[in-house]
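Everything below concerns the one structure shown next.
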Amino acid sequence: MKRRNFVQSSVLAGASLFTTGVLKASALTGCAQPTGEVAAVVGDKPFNLNYGIHDGMFKSHAGDDFIDQIKFAYDKGFRAIEDNGMSGRPVEQQKKIGDTLAKLGMAMGVFVQPGLGNDSNMLATGNADQVEKFIASCKQAVEVAKRIGSKLVTVVPGDFARKLPIGVQTGNVIEAVKKGAAILEPHGVIMVLEPLSDNPDLFLRTPDQAYAICKAVGSPSCKILYDMYHVQRNQGNIIPTLDLVYDEIGYYQIGDNPGRKEPGTGEVNYKNIFKHIYNKGYKGVMGMEHGTAGTGKEGELALIKAYREADSFI
(Lines give C-alpha, C1' and ligand atoms only; values in the text may rest on other atoms or scores of the structure.)
Protein backbone atom coordinates (compact mmCIF):
# COMPACT_ATOMS: atom_id res chain seq x y z
CA MET A 1 0.00 0.00 0.00
CA LYS A 2 1.36 3.42 -0.87
CA ARG A 3 0.98 4.87 2.59
CA ARG A 4 3.06 2.04 4.04
CA ASN A 5 6.24 2.95 2.18
CA PHE A 6 7.68 4.81 5.16
CA VAL A 7 8.07 1.57 7.12
CA GLN A 8 11.72 0.54 7.45
CA SER A 9 12.43 -2.55 5.33
CA SER A 10 9.49 -3.17 4.53
CA VAL A 11 0.21 -16.07 17.72
CA LEU A 12 -1.83 -14.04 18.87
CA ALA A 13 -1.20 -16.83 21.43
CA GLY A 14 -3.92 -17.15 24.01
CA ALA A 15 -5.91 -14.24 22.62
CA SER A 16 -9.62 -13.72 23.13
CA LEU A 17 -12.18 -10.97 22.58
CA PHE A 18 -13.82 -8.69 25.06
CA THR A 19 -17.60 -8.55 24.78
CA THR A 20 -17.06 -5.19 23.09
CA GLY A 21 -15.02 -6.84 20.37
CA VAL A 22 -11.76 -5.26 21.56
CA LEU A 23 -8.76 -7.54 21.23
CA LYS A 24 -7.28 -8.93 24.45
CA ALA A 25 -3.73 -10.30 24.27
CA SER A 26 -2.37 -13.11 26.40
CA ALA A 27 -0.77 -12.18 29.71
CA LEU A 28 2.70 -10.70 29.41
CA THR A 29 5.53 -12.96 30.49
CA GLY A 30 9.09 -12.39 31.61
CA CYS A 31 11.94 -12.10 29.16
CA ALA A 32 15.60 -12.98 28.86
CA GLN A 33 18.27 -10.99 30.63
CA PRO A 34 19.71 -8.34 28.31
CA THR A 35 23.41 -7.87 27.72
CA GLY A 36 25.67 -5.13 26.46
CA GLU A 37 24.83 -1.52 25.64
CA VAL A 38 21.04 -1.88 25.52
CA ALA A 39 20.91 -3.29 29.06
CA ALA A 40 22.69 -0.21 30.33
CA VAL A 41 20.07 2.04 28.74
CA VAL A 42 16.64 0.55 29.18
CA GLY A 43 16.46 -2.77 30.99
CA ASP A 44 14.31 -5.64 29.81
CA LYS A 45 11.02 -5.79 31.65
CA PRO A 46 7.84 -6.08 29.56
CA PHE A 47 6.05 -2.81 28.84
CA ASN A 48 2.75 -1.91 30.48
CA LEU A 49 1.08 -1.95 27.05
CA ASN A 50 1.77 -4.42 24.28
CA TYR A 51 3.65 -2.47 21.60
CA GLY A 52 4.14 -4.27 18.28
CA ILE A 53 7.38 -3.73 16.36
CA HIS A 54 7.82 -3.63 12.58
CA ASP A 55 10.36 -5.34 10.37
CA GLY A 56 13.44 -3.13 10.10
CA MET A 57 13.12 -1.30 13.41
CA PHE A 58 16.05 -3.15 14.99
CA LYS A 59 18.06 -4.25 11.99
CA SER A 60 21.17 -2.32 13.09
CA HIS A 61 21.33 -4.43 16.24
CA ALA A 62 19.85 -7.72 15.04
CA GLY A 63 20.50 -7.79 11.29
CA ASP A 64 18.13 -8.01 8.34
CA ASP A 65 16.40 -11.24 9.37
CA PHE A 66 13.01 -10.31 10.84
CA ILE A 67 13.04 -13.32 13.16
CA ASP A 68 16.32 -12.19 14.69
CA GLN A 69 14.80 -8.73 15.12
CA ILE A 70 11.79 -10.30 16.86
CA LYS A 71 14.06 -12.11 19.31
CA PHE A 72 16.03 -8.92 19.95
CA ALA A 73 12.80 -7.01 20.58
CA TYR A 74 11.62 -9.70 22.99
CA ASP A 75 14.81 -9.29 25.02
CA LYS A 76 14.10 -5.56 25.23
CA GLY A 77 10.60 -6.06 26.63
CA PHE A 78 8.45 -5.96 23.50
CA ARG A 79 5.83 -8.69 23.32
CA ALA A 80 4.21 -8.19 19.89
CA ILE A 81 4.81 -7.49 16.24
CA GLU A 82 2.73 -6.29 13.32
CA ASP A 83 3.63 -6.75 9.69
CA ASN A 84 1.76 -4.92 6.96
CA GLY A 85 3.35 -6.99 4.22
CA MET A 86 2.91 -10.41 5.85
CA SER A 87 0.59 -11.73 3.13
CA GLY A 88 3.29 -11.08 0.55
CA ARG A 89 5.91 -13.16 2.35
CA PRO A 90 6.58 -16.75 1.23
CA VAL A 91 4.32 -19.27 2.98
CA GLU A 92 7.24 -20.99 4.73
CA GLN A 93 8.45 -17.66 6.09
CA GLN A 94 4.96 -16.87 7.38
CA LYS A 95 4.91 -20.20 9.20
CA LYS A 96 8.37 -19.65 10.63
CA ILE A 97 7.39 -16.23 11.97
CA GLY A 98 4.22 -17.70 13.47
CA ASP A 99 6.20 -20.50 15.13
CA THR A 100 8.69 -18.02 16.56
CA LEU A 101 5.93 -15.89 18.05
CA ALA A 102 4.25 -18.94 19.56
CA LYS A 103 7.49 -20.13 21.19
CA LEU A 104 8.19 -16.69 22.65
CA GLY A 105 4.60 -16.12 23.74
CA MET A 106 4.40 -12.99 21.61
CA ALA A 107 1.31 -11.58 19.91
CA MET A 108 0.79 -10.95 16.20
CA GLY A 109 -0.98 -7.71 15.41
CA VAL A 110 -2.38 -6.70 12.04
CA PHE A 111 -1.33 -7.57 8.54
CA VAL A 112 -2.74 -5.71 5.54
CA GLN A 113 -5.54 -7.21 3.47
CA PRO A 114 -3.93 -9.38 0.77
CA GLY A 115 -3.76 -8.03 -2.75
CA LEU A 116 -5.67 -4.78 -2.30
CA GLY A 117 -4.42 -1.26 -1.55
CA ASN A 118 -5.73 2.17 -0.62
CA ASP A 119 -6.67 3.20 -4.12
CA SER A 120 -7.52 -0.20 -5.58
CA ASN A 121 -10.22 -1.40 -3.20
CA MET A 122 -13.17 0.59 -4.55
CA LEU A 123 -15.98 -0.65 -2.33
CA ALA A 124 -17.82 2.68 -2.43
CA THR A 125 -18.70 2.10 -6.09
CA GLY A 126 -20.82 -0.95 -5.31
CA ASN A 127 -19.51 -2.58 -8.49
CA ALA A 128 -19.76 -6.36 -8.48
CA ASP A 129 -16.17 -6.88 -9.61
CA GLN A 130 -14.89 -4.78 -6.69
CA VAL A 131 -16.96 -6.75 -4.20
CA GLU A 132 -15.78 -10.04 -5.69
CA LYS A 133 -12.13 -8.96 -5.37
CA PHE A 134 -12.77 -7.99 -1.77
CA ILE A 135 -14.37 -11.32 -0.89
CA ALA A 136 -11.50 -13.22 -2.53
CA SER A 137 -9.07 -11.14 -0.50
CA CYS A 138 -10.91 -11.98 2.72
CA LYS A 139 -10.60 -15.69 1.90
CA GLN A 140 -6.85 -15.25 1.37
CA ALA A 141 -6.60 -13.37 4.68
CA VAL A 142 -8.06 -16.36 6.54
CA GLU A 143 -5.30 -18.60 5.21
CA VAL A 144 -2.55 -16.13 6.12
CA ALA A 145 -4.03 -15.70 9.59
CA LYS A 146 -3.94 -19.46 10.20
CA ARG A 147 -0.25 -19.66 9.34
CA ILE A 148 0.83 -16.87 11.64
CA GLY A 149 -1.64 -17.22 14.49
CA SER A 150 -3.19 -13.84 13.79
CA LYS A 151 -6.77 -12.65 14.21
CA LEU A 152 -6.50 -9.18 12.67
CA VAL A 153 -6.40 -7.90 9.10
CA THR A 154 -6.29 -4.21 8.12
CA VAL A 155 -8.94 -3.18 5.59
CA VAL A 156 -9.42 0.14 3.80
CA PRO A 157 -12.48 0.65 1.55
CA GLY A 158 -10.50 2.69 -0.98
CA ASP A 159 -11.41 5.97 -2.67
CA PHE A 160 -14.62 7.94 -2.93
CA ALA A 161 -16.92 7.21 -5.87
CA ARG A 162 -17.55 10.90 -6.39
CA LYS A 163 -20.36 10.50 -8.91
CA LEU A 164 -22.50 8.85 -6.21
CA PRO A 165 -24.16 10.51 -3.20
CA ILE A 166 -22.27 9.92 0.05
CA GLY A 167 -25.14 7.93 1.55
CA VAL A 168 -25.16 5.54 -1.39
CA GLN A 169 -21.39 5.13 -1.17
CA THR A 170 -21.68 4.39 2.54
CA GLY A 171 -24.39 1.84 1.88
CA ASN A 172 -22.20 0.16 -0.74
CA VAL A 173 -19.29 -0.08 1.70
CA ILE A 174 -21.53 -1.52 4.42
CA GLU A 175 -22.93 -4.21 2.11
CA ALA A 176 -19.47 -5.22 0.91
CA VAL A 177 -18.06 -5.32 4.43
CA LYS A 178 -20.99 -7.49 5.57
CA LYS A 179 -20.06 -10.04 2.92
CA GLY A 180 -16.41 -9.93 3.93
CA ALA A 181 -17.25 -10.29 7.62
CA ALA A 182 -19.31 -13.37 6.83
CA ILE A 183 -16.15 -14.97 5.40
CA LEU A 184 -13.98 -14.03 8.39
CA GLU A 185 -16.35 -14.58 11.29
CA PRO A 186 -16.40 -18.43 11.33
CA HIS A 187 -12.60 -18.35 11.67
CA GLY A 188 -12.48 -15.72 14.41
CA VAL A 189 -10.63 -13.29 12.13
CA ILE A 190 -11.41 -9.58 12.47
CA MET A 191 -11.12 -6.92 9.79
CA VAL A 192 -10.20 -3.59 11.33
CA LEU A 193 -11.31 -0.65 9.19
CA GLU A 194 -8.72 2.11 9.11
CA PRO A 195 -9.59 5.79 8.66
CA LEU A 196 -6.71 7.47 6.82
CA SER A 197 -5.36 10.97 6.27
CA ASP A 198 -3.07 10.41 3.29
CA ASN A 199 -5.12 12.18 0.63
CA PRO A 200 -8.62 13.65 0.15
CA ASP A 201 -9.67 10.87 -2.23
CA LEU A 202 -9.86 8.21 0.47
CA PHE A 203 -13.42 7.33 1.48
CA LEU A 204 -12.82 6.39 5.13
CA ARG A 205 -11.32 9.32 7.03
CA THR A 206 -12.66 9.55 10.59
CA PRO A 207 -13.32 7.14 13.48
CA ASP A 208 -16.97 8.18 13.77
CA GLN A 209 -17.48 7.28 10.11
CA ALA A 210 -15.94 3.85 10.75
CA TYR A 211 -18.08 3.54 13.89
CA ALA A 212 -21.27 3.98 11.87
CA ILE A 213 -20.15 1.32 9.40
CA CYS A 214 -19.27 -1.15 12.18
CA LYS A 215 -22.65 -0.61 13.85
CA ALA A 216 -24.45 -1.17 10.55
CA VAL A 217 -22.45 -4.33 9.78
CA GLY A 218 -23.10 -5.68 13.26
CA SER A 219 -20.40 -8.36 13.25
CA PRO A 220 -17.62 -9.14 15.74
CA SER A 221 -15.41 -9.48 12.66
CA CYS A 222 -15.75 -5.79 11.78
CA LYS A 223 -14.03 -3.27 14.08
CA ILE A 224 -12.09 0.01 13.93
CA LEU A 225 -8.35 0.39 13.59
CA TYR A 226 -7.70 3.54 15.62
CA ASP A 227 -4.48 4.92 14.12
CA MET A 228 -3.65 7.91 16.28
CA TYR A 229 -1.34 9.45 13.69
CA HIS A 230 -4.19 9.68 11.19
CA VAL A 231 -6.69 10.85 13.82
CA GLN A 232 -4.35 13.67 14.82
CA ARG A 233 -3.85 14.76 11.22
CA ASN A 234 -7.53 14.62 10.30
CA GLN A 235 -9.17 16.07 13.38
CA GLY A 236 -7.12 15.85 16.60
CA ASN A 237 -9.11 15.37 19.81
CA ILE A 238 -7.64 11.88 20.14
CA ILE A 239 -8.81 10.93 23.65
CA PRO A 240 -12.41 12.22 23.50
CA THR A 241 -12.89 10.69 20.04
CA LEU A 242 -11.44 7.41 21.29
CA ASP A 243 -14.00 7.36 24.11
CA LEU A 244 -16.88 7.98 21.71
CA VAL A 245 -16.06 4.98 19.53
CA TYR A 246 -14.34 2.75 22.07
CA ASP A 247 -16.79 -0.15 21.95
CA GLU A 248 -16.00 -0.66 18.25
CA ILE A 249 -12.20 -0.29 18.46
CA GLY A 250 -10.35 -3.52 17.74
CA TYR A 251 -6.79 -2.23 17.40
CA TYR A 252 -4.55 0.82 17.83
CA GLN A 253 -1.59 2.15 15.87
CA ILE A 254 0.98 4.71 16.92
CA GLY A 255 2.90 7.47 15.15
CA ASP A 256 3.78 10.97 16.26
CA ASN A 257 2.91 14.01 14.18
CA PRO A 258 4.49 15.72 12.30
CA GLY A 259 6.96 13.24 10.90
CA ARG A 260 5.33 9.91 11.75
CA LYS A 261 8.14 8.77 14.02
CA GLU A 262 8.27 7.36 17.57
CA PRO A 263 6.49 9.00 20.53
CA GLY A 264 8.17 12.16 21.77
CA THR A 265 9.27 13.38 18.34
CA GLY A 266 6.13 15.41 17.61
CA GLU A 267 3.14 17.12 19.18
CA VAL A 268 1.13 14.14 20.51
CA ASN A 269 1.24 13.49 24.27
CA TYR A 270 1.51 9.72 24.03
CA LYS A 271 2.19 9.16 27.72
CA ASN A 272 -1.26 10.55 28.55
CA ILE A 273 -2.91 8.65 25.72
CA PHE A 274 -1.25 5.36 26.67
CA LYS A 275 -2.32 5.84 30.29
CA HIS A 276 -5.89 6.47 29.14
CA ILE A 277 -5.95 3.34 26.98
CA TYR A 278 -4.40 1.28 29.77
CA ASN A 279 -6.95 2.52 32.29
CA LYS A 280 -9.77 1.52 29.96
CA GLY A 281 -8.51 -2.06 30.22
CA TYR A 282 -7.16 -2.59 26.73
CA LYS A 283 -4.48 -5.29 26.60
CA GLY A 284 -4.25 -5.94 22.87
CA VAL A 285 -1.46 -4.99 20.51
CA MET A 286 -0.51 -1.35 19.90
CA GLY A 287 1.07 -1.30 16.45
CA MET A 288 4.25 0.77 16.06
CA GLU A 289 3.42 1.89 12.53
CA HIS A 290 6.01 4.63 12.18
CA GLY A 291 9.58 5.31 11.23
CA THR A 292 12.58 5.97 13.48
CA ALA A 293 13.82 9.52 13.99
CA GLY A 294 17.45 8.52 14.39
CA THR A 295 19.67 6.18 12.41
CA GLY A 296 21.75 3.13 13.18
CA LYS A 297 22.10 1.65 16.65
CA GLU A 298 21.78 5.05 18.29
CA GLY A 299 18.45 5.64 16.59
CA GLU A 300 17.19 2.23 17.67
CA LEU A 301 18.24 2.81 21.27
CA ALA A 302 16.52 6.19 21.18
CA LEU A 303 13.33 4.51 19.95
CA ILE A 304 13.41 2.03 22.84
CA LYS A 305 14.07 4.88 25.29
CA ALA A 306 11.15 6.86 23.83
CA TYR A 307 8.78 3.95 24.43
CA ARG A 308 10.09 3.44 27.97
CA GLU A 309 9.37 7.11 28.64
CA ALA A 310 5.90 7.12 27.07
CA ASP A 311 5.08 3.85 28.85
CA SER A 312 6.10 5.17 32.29
CA PHE A 313 2.57 6.29 33.17
CA ILE A 314 2.17 4.04 36.22
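For residue 154, list long-range residues whose amide hydrogen, built 1.01 Å from N in the peptide plane, is under 5 Å from its own amide hydrogen.
Residues meeting the criterion, in which the H sits 1.01 Å from N, are 111, 112, 113, 192.
Let me spell out the model: positive unit charges on the Cβ of Lys and Arg, negative unit charges on the Cβ of Asp and Glu, origin at the Cα centre of region 49-309. What dipole size does that give, in debye rounded to 20?
So the dipole magnitude of region 49-309 works out to roughly 520 debye.
Taking H placed 1.01 Å from N in the peptide plane, check which residues at least 5 places from residue 51 or on another chain put their amide H under 5 Å from its amide H.
Amide H neighbours of residue 51, under 5 Å, 5+ apart: 79, 286.
Per DSSP H run of n ≥ 4, the term is -39500 (n - 2.57); total these for the chain, divide by its residue number, and report the mean residue ellipticity at 222 nm rounded to 500 deg cm²/dmol.
Estimated from H runs of four or more residues: -12500 deg cm²/dmol.
Cross-link list 96/305; 146/223; 71/305; 95/261: which exceed 25 angstrom alpha carbon to alpha carbon?
In this structure, 96/305; 95/261 lie more than 25 Å apart at Cα.
Show which lysines lie in cross-link reach of residue 275 when reach means a straight Cα distance below 16 angstrom and same-chain residues fewer than eight apart are skipped.
283
Name the residue from 229, 195, 157 whose Cα lies farthest towards the positive end of the charge dipole of region 97-256, charges +1 on Cβ of Lys and Arg and -1 on Cβ of Asp and Glu.
Working it through, the farthest residue towards the positive pole turns out to be 157.
Where a ≥ b ≥ c are the square roots of the eigenvalues of the C-alpha gyration tensor, would you call the chain rounded, which needs a/c under 1.5, or, failing that, prolate if a/b is larger than b/c, or oblate?
Because a/c hits 1.5 or more and a/b exceeds b/c, the chain counts as prolate.
Could you give each residue of region 96-110 its phi-based ³J(HN,Hα) in whole Hz, using Karplus coefficients 6.51, -1.76, 1.60 with θ = phi - 60°, and x for Gly or Pro?
In residue order, the calculated couplings are 5, 5, x, 5, 4, 4, 5, 5, 7, x, 9, 9, 9, x, 7 Hz.
Taking amide H positions as placed in the peptide plane 1.01 Å from N, state which residues far from residue 226 in sequence (5 or more) or on other chains have amide H under 5 Å from it.
Correct list: 250, 251, 252, 253.
If you restrict to DSSP beta bridges whose two residues both lie in the chain, what percentage is antiparallel, to the nearest 5?
10
With every protein chain in place, what's the accessible area of residue 191 (1.4 Å probe, Å², nearest 10)?
Its accessible surface works out to 0 Å², give or take rounding.
Hey, any idea what % of region 49-309's accessible area is carbon plus sulfur with a 1.4 Å probe?
Looking at region 49-309 in its full context, I get 50 percent from C and S.
The values are calculated or read from the model by the stated rules, or taken from the named source; none is laboratory data. Quantities reported herein were computed from a predicted structural model and do not represent experimental measurements. Heads up, the Cβs are rebuilt from the backbone with ideal geometry, glycines too, and the neighbour counts pull from every protein chain shown. Heavy atoms of the whole protein, side chains included, go into the accessibility calculation; ligands, DNA and RNA do not. Shrake-Rupley method; radii C 1.70, N 1.55, O 1.52, S 1.80 Å.
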